[in-house]
Amino acid sequence: MWRYLCPFYWKGGNVIVVNNNLRLWYKESARDWNEALPIGNGRLGGMIFGNTEKERIQLNEDSIWYGGPVDRNNPDAFTYLPKIRSLLFEGKIKEAERLATMALSGTPEGQRHYQPLGDLFLNFNHDKNRVENYLRELDLNSGLVKVQYSHDGVTYTREHFASAVDQVIVIRITADKPSSISFDAQLRRGKYIEKIQKIAYDSIMLRGNTGGEEGISFSTIVRAIARGGKVCTIGENLLVEDADEVVLLLSAATTFRNEDYIDVCEGYIDNAAGRSYEDLLQDHVKDYQALFNRMELNLQGLNDRAEELENLPTDERLKRVREGKDDFGLISLYFQFGRYLLISCSRPGTLPANLQGIWNQHMLPPWDSKYTININAEMNYWPAEVCNLSECHEPLFDLLERMREPGRRTARAMYGCRGFVAHHNTDIYGDTAPQDIYIPATYWPMGAAWLSLHLWEHYEFTQDIEFLREKYPVMREAAEFFLDFLVEDSKGRLVTCPSVSPENSYRLENGEQGALCVGPSMDSQIIYALYSRCIEAAQILGVDEDYIQSFKEVIDKLPKPEIGKYGQIQEWAEDYEEVEPGHRHISHLFALHPGNQITVRNTPELAQAARKTLERRLAHGGGHTGWSRAWIINMWARLEDGEEAYNNLKALIGKSTLPNMFDTHPPFQIDGNFGGIAGIAEMLIQSHAGEISLLPALPEAWVGGSIKGVRARGGLEVDMEWRQGRLDKVVLKPQVSGTFMIRYKQKSGQVKLEAGVNVVLDGNLKPVN
């Protein structure tokens with residue numbers, strides 16, 4: 001019967017039964033990290049393995065990064081910039097690339113990297129061979145991970161959550177027979193440990209330093225609060241014997257935020273210890289659900305087997321999708337799991353989600369687990385606005401603000417330009433100098449420009465004029481850099497030089513291959529988007545007439561998207577041959593998504609060329625990484641091709657999703673989760689082209705369904721229902737007053753809305769009384 005237990009949370013002492021489909025559940029403990037279940041409060045993260053003998057909870061704190069800030073700007077960059085440019089214009093690619101690796105690379109080449117906090121081990125010594133009725137689940141309704149099993153006639157339950165209210169990870173261990181709970185606990189970390197010590201009879205602390213010059217110091221404390229039995233410490237071990245119930249509280253703090261980090265950490269623990277478990281859980285659930293409950297998604301198909309499939313463990317459902325079978329409930333679960341992840345790793349006041357969100361077990365993680373800003377960090381935040389988690393976007397804005405001063409120094413020192421600039425990576429300190437010595441990626445000066453577009457996205461969805469007034473100077477400063485950096489090519493166009501098309505390479509007619517180039521298409525498209533939005537923002541605010549004129553003049557001279565010899569959108573200013581036509585990056589379709597320079601109705605020829613580009617990429621093996629497949633979903637949705645969007649969504653879940661539903665590159669990267677759920681939203685609603693388009697890319701398989709709480713640009717929240725593949729009802733919930741163009745297929749019309757007054761339309765876009 002254990003498999004049919006409903007997820008629950010506590011409220012006023014009562015058990016509340018909730019949606020049984022909104023949970024990930026398994027019959028076994030995690031065999032490795034990719035099967036463990038995540039919890040997080042934006043700052044603290046934990047991966048719950050659910051072992052019965054020796055439990056491991058892998059821990060993270062978002063500000064634990066190696067080293068301190070460092071100025072890595074190459075002092076010789078500006079001296080050699082003219083020579084690199086002239087070599088590129090002369091077609092001497094290899095000479096230009098060789099000089100760039102010496103003169104434009106950061107010194108040293110690498111930024112700082114993210115590290116784990118450590119591990120909490122709990123030794124229960126419950127022989128797995130004598131365990132029965134095992135259940136491990138993550139309940140998305142409450143943000144609670146539960147482990148339950150029977151051992152030698154006793155049923156044990158462990159509940160885990162990360163509280164943003166109290167800034168602690170909470171673990172409660174219960175048993176259905178008294179005096180049954182005994183275990184010992186340890187805090188461990190691979191290196192950079194200064195001390196593991198007892199600080200009270202019921203608490204142990206690990207403290208250390210991340211290493212390097214000005215490395216970050218940190219501490220983490222775990223305390224046991226038992227009902228019945230005994231608690232004590234021996235050496236660096238925390239022991240519990242013969243208890244009826246135990247609550248473990250764990251927190252951490254670092255010098256990145258607090259010089260008195262140990263006192264801060266102890267304060268978190270002391271404050272939480274003064275409250276009951278029920279109060280801690282209730283406040284956590286209330287805080288979490290205030291974000292999570294804003295949206296609902298229900299998908300239905302013909303011969304839907306939703307109830308039957310909900311009784312299958314999550315890993316078995318994923319296996320069915322890999323075999324090509326439909327599971328509409330799993331797609332809804334995947335969507336809400338993505339929202340859970342964003343809530344759990346990006347909250348106001350925390351650092352933004354990095355390549356792994358906040359969940360990383362490696363001392364030297366893949367790609368340093370930092371912020372890759374030539375697609376990945378941006379993709380992390382594609383769902384923030386449309387999926388009604390606008391507050392979760394704020395940490396990205398904070399990082400961008402932190403990048404401004406380093407970016408000014410990089411702009412001046414390396415390029416002799418005004419404004420601020422960043423390349424394809426940044427770190428906790430907002431480092432803006434080039435990262436790595438990898439020609440196809442390193443020398444790309446568009447990072448700050450792309451990130452700045454997220455400020456405009458937030459304004460478009462919220463219509464918060466005070467936010468725009470505060471953040472417009474950031475957009476303008478990112479744009480100002482290109483007023484100085486752009487140069488004229490032989491055709492009189494203003495182009496970036498040097499740059500790359502992330503992370504692809506081209507082949508010249510003479511057979512020479514290169515990556516460093518003049519005017520890659522993505523650069524022109526990003527500048528077009530940034531300048532267009534700066535112009536609109538300045539006009540709204542009534543400022544900067546001189547900048548408006550300068551930006552307009554640049555837009556007129558930017559290379560426009562062009563169609564190449566294969567009918568595709570050109571990736572470079574010239575129609576070069578691609579070295580890898582199935583490349584994971586599809587940078588030259590930025591104008592389709594996330595930009596809006598290419599749309600189905602306004603630029604039909606370019607939209608057709610974008611379709612050809614996607615077909616060509618996929619025919620040559622594209623979409624082989626999770627995040628790339630997620631981007632492809634969004635692009636097919638923008639082309640209003642629901643079948644292709646759905647095929648690629650199934651490929652994302654079937655081929656690039658780990659047992660715990662994390663996305664895999666491989667290895668694990670969280671961007672594919674976020675890009676995937678943004679793609680699902682994009683299939684159901686779009687608002688990038690001056691109108692709100694309903695069900696623009698609905699696949700035939702989704703014959704019925706509903707979505708509630710999805711957001712559109714213009715300050716609008718939308719609920720929709722559809723039946724037999726057709727729109728049945730839509731509820732428009734405006735946060736601001738205005739006139740909105742609403743489209744469903746070939747029907748469109750203007751609707752005048754008043755803030756706070758909901759309007760219901762039928763499937764023909766007619767008002768319902």
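The values are calculated or read from the model by the stated rules, or taken from the named source; none is laboratory data. Remember, predicted model here, so these are calculated numbers, not experimental data. Cβ placement follows ideal geometry from the backbone for every residue including glycine, while neighbour counts extend to all protein chains displayed. SASA here: full protein model, heavy atoms, side chains in, ligands and nucleic acids out. Shrake-Rupley method; radii C 1.70, N 1.55, O 1.52, S 1.80 Å.
Every condition in (1) in a helix (DSSP H, G or I); (2) open to solvent by 40 Å² or more (accessible area, probe 1.4 Å); (3) of a type outside the set (Lys, Arg); (4) touching a residue at least 24 places away in the same chain (Cβ under 8 Å) is met by Asn596 except one, and the failing one is (1). Counting only residues that are at positive phi and under 25 Å from the mean Cα position of the chain (by Cα), which one in the stretch 711-730 is most open to solvent (accessible area, probe 1.4 Å)? Result: Gly714. The set of residues in the stretch 311-341 that are in contact with a Pro (Cβ under 8 Å, 6 or more places away or on another chain) and farther than 19 Å from Tyr381 by Cα comprises Thr314, Asp315, Leu318. No other residue among Lys752, Lys708, Lys733 is of a type outside the set (Ser, Thr, Tyr), within 18 Å of Ile680 (Cβ to Cβ), assigned to a strand (DSSP E or B) and open to solvent by 40 Å² or more (accessible area, probe 1.4 Å) apart from Lys708.
Take the residues in the stretch 625-667 that are among the polar types (S, T, N, Q) and more than 17 Å from the chain's Cα centre (by Cα); name whichever of them is least open to solvent (accessible area, probe 1.4 Å). Restricting to residues being among the polar types (S, T, N, Q) and more than 17 Å from the chain's Cα centre (by Cα), the top hit is Asn648.
Hey, does the stretch 512-524 have a residue that's of a type outside the set (Val, Ile, Thr) and at pLDDT below 95?
Checking the stretch 512-524: at least one residue is of a type outside the set (Val, Ile, Thr) and at pLDDT below 95.
For the condition within 16 Å of Lys612 (Cβ to Cβ), small (Gly, Ala, Ser) and open to solvent by less than 30 Å² (accessible area, probe 1.4 Å), Ala573 does not qualify. Where strands (runs of 3 or more DSSP E) fall wholly inside the stretch 6-71, the ranges with 1 or more residues that are within 26 Å of the chain's Cα centre (by Cα), modelled with pLDDT of 95 or more and crowded, with 16+ Cβ neighbours inside 10 Å are 23-26, 37-40, 44-48, 54-61. Name every residue in the stretch 111-133 that is assigned to a strand (DSSP E or B) and open to solvent by 20 Å² or more (accessible area, probe 1.4 Å), in order of residue number. Across the stretch 111-133, the qualifying residues are Asp119, Phe121, Asn123, Val131, Glu132, Asn133.
Listed here are the residues, each with its yes/no results for (1) under 24 Å from Tyr459 (Cα atoms); (2) modelled with pLDDT under 95; (3) of a type outside the set (Lys, Arg).
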site: Thr657; (1), (2), (3): no, no, yes
site: Asp663; (1), (2), (3): no, no, yes
site: Pro666; (1), (2), (3): no, yes, yes
site: Gly676; (1), (2), (3): yes, no, yes
site: Ile680; (1), (2), (3): yes, no, yes
site: Pro696; (1), (2), (3): yes, no, yes
site: Gln735; (1), (2), (3): yes, no, yes
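Among residues of the stretch 93-114 that are under 30 Å from Leu351 (Cβ atoms) and at pLDDT 95 or above, those with a Cβ under 6 angstrom from a residue that is open to solvent by 40 Å² or more (accessible area, probe 1.4 Å) and not aliphatic (A, V, I, L, M), sequence gap 6+ or separate chain, pair up as Glu109/Asp436; Arg112/Tyr66; His113/Tyr66. Entry remark, the stretch 370-418: residues being within 30 Å of Arg638 (Cβ to Cβ) and outside any helix (DSSP H, G or I) number 10 in total. For Phe467, the stated conditions do not hold, so it cannot be described as buried (at least 22 other Cβ atoms within 10 Å of the Cβ) and not acidic (Asp, Glu). Restricting attention to the stretch 669-688, does a residue exist that is free of Cβ contacts under 8 Å to residues at least 60 places away in the same chain, surrounded by fewer than 22 Cβ atoms within 10 Å (Cβ to Cβ) and not hydroxyl-bearing (Ser, Thr, Tyr)? No. Any residue at all in the stretch 563-570 that's surrounded by 23 or more Cβ atoms within 10 Å (Cβ to Cβ), out of contact with any strand residue (DSSP E or B) (no Cβ under 6 Å at 6 or more places or on another chain) and modelled with pLDDT of 95 or more? Scanning the stretch 563-570 turns up at least one residue that is surrounded by 23 or more Cβ atoms within 10 Å (Cβ to Cβ), out of contact with any strand residue (DSSP E or B) (no Cβ under 6 Å at 6 or more places or on another chain) and modelled with pLDDT of 95 or more.
Answer yes if at least one residue in the stretch 563-572 is among the charged types (D, E, K, R) and outside any helix (DSSP H, G or I), and no otherwise.
Within the stretch 563-572, one or more residues are among the charged types (D, E, K, R) and outside any helix (DSSP H, G or I).
Here the condition is being assigned to a helix (DSSP H, G or I), in contact (Cβ under 8 Å) with a residue 12 or more places away in the chain, within 22 Å of Pro445 (Cβ to Cβ) and touching a Cys at 6+ places or on another chain (Cβ under 8 Å); of Leu81, Leu88, it holds for Leu88 alone. Filtered by the rule that a residue be surrounded by fewer than 24 Cβ atoms within 10 Å (Cβ to Cβ) and either outside any helix (DSSP H, G or I) or among the acidic types (Asp, Glu) (or both), the stretch 520-540 gives a lone residue, Glu536.
Identify, by number, the condition in (1) assigned to a loop (DSSP other than H, G, I, E, B); (2) touching a Ser or Thr at 6+ places or on another chain (Cβ under 6 Å) that Arg743 doesn't meet. Of (1) assigned to a loop (DSSP other than H, G, I, E, B); (2) touching a Ser or Thr at 6+ places or on another chain (Cβ under 6 Å), only one is false for Arg743: (1). Of all residues assigned to the stretch 327-338, none qualifies as being of a type in the set (Gly, Ala, Ser) and either surrounded by fewer than 16 Cβ atoms within 10 Å (Cβ to Cβ) or without any contact (Cβ under 8 Å) to a residue 12 or more places away in the chain (or both).
For the stretch 376-391, taking the residues that are within 21 Å of Phe590 (Cβ to Cβ) and among the charged types (D, E, K, R), the one that is nearest to the chain's Cα centre (by Cα) is identified as Glu378.
Restricting the stretch 541-559 to residues that are open to solvent by 70 Å² or more (accessible area, probe 1.4 Å) and either in contact with a Pro (Cβ under 9 Å, 6 or more places away or on another chain) or in contact (Cβ under 8 Å) with a residue 12 or more places away in the chain (or both), the residue that is nearest to Ser499 (Cα to Cα) is Lys557. Here the stretch 532-579 is the region considered, the condition is being within 32 Å of the chain's Cα centre (by Cα) and charged (D, E, K, R), and the residue that is nearest to Arg476 (Cα to Cα) is Arg533.
For the stretch 134-156, a residue qualifies if it is outside any strand (DSSP E or B), surrounded by fewer than 20 Cβ atoms within 10 Å (Cβ to Cβ) and not small (Gly, Ala, Ser), and exactly one does: Asp152.
Is it the case that the stretch 418-433 has a residue that's open to solvent by 20 Å² or more (accessible area, probe 1.4 Å) and under 23 Å from Glu109 (Cβ atoms)?
There is at least one residue in the stretch 418-433 that is open to solvent by 20 Å² or more (accessible area, probe 1.4 Å) and under 23 Å from Glu109 (Cβ atoms).
Taken together, the residues in the stretch 303-315 that are open to solvent by 20 Å² or more (accessible area, probe 1.4 Å) and part of a helix (DSSP H, G or I) amount to 5. Evaluated against (1) surrounded by fewer than 17 Cβ atoms within 10 Å (Cβ to Cβ); (2) on the phi < 0 side of the Ramachandran plot; (3) in a loop (DSSP other than H, G, I, E, B), Lys612 falls short on exactly one condition, (3).
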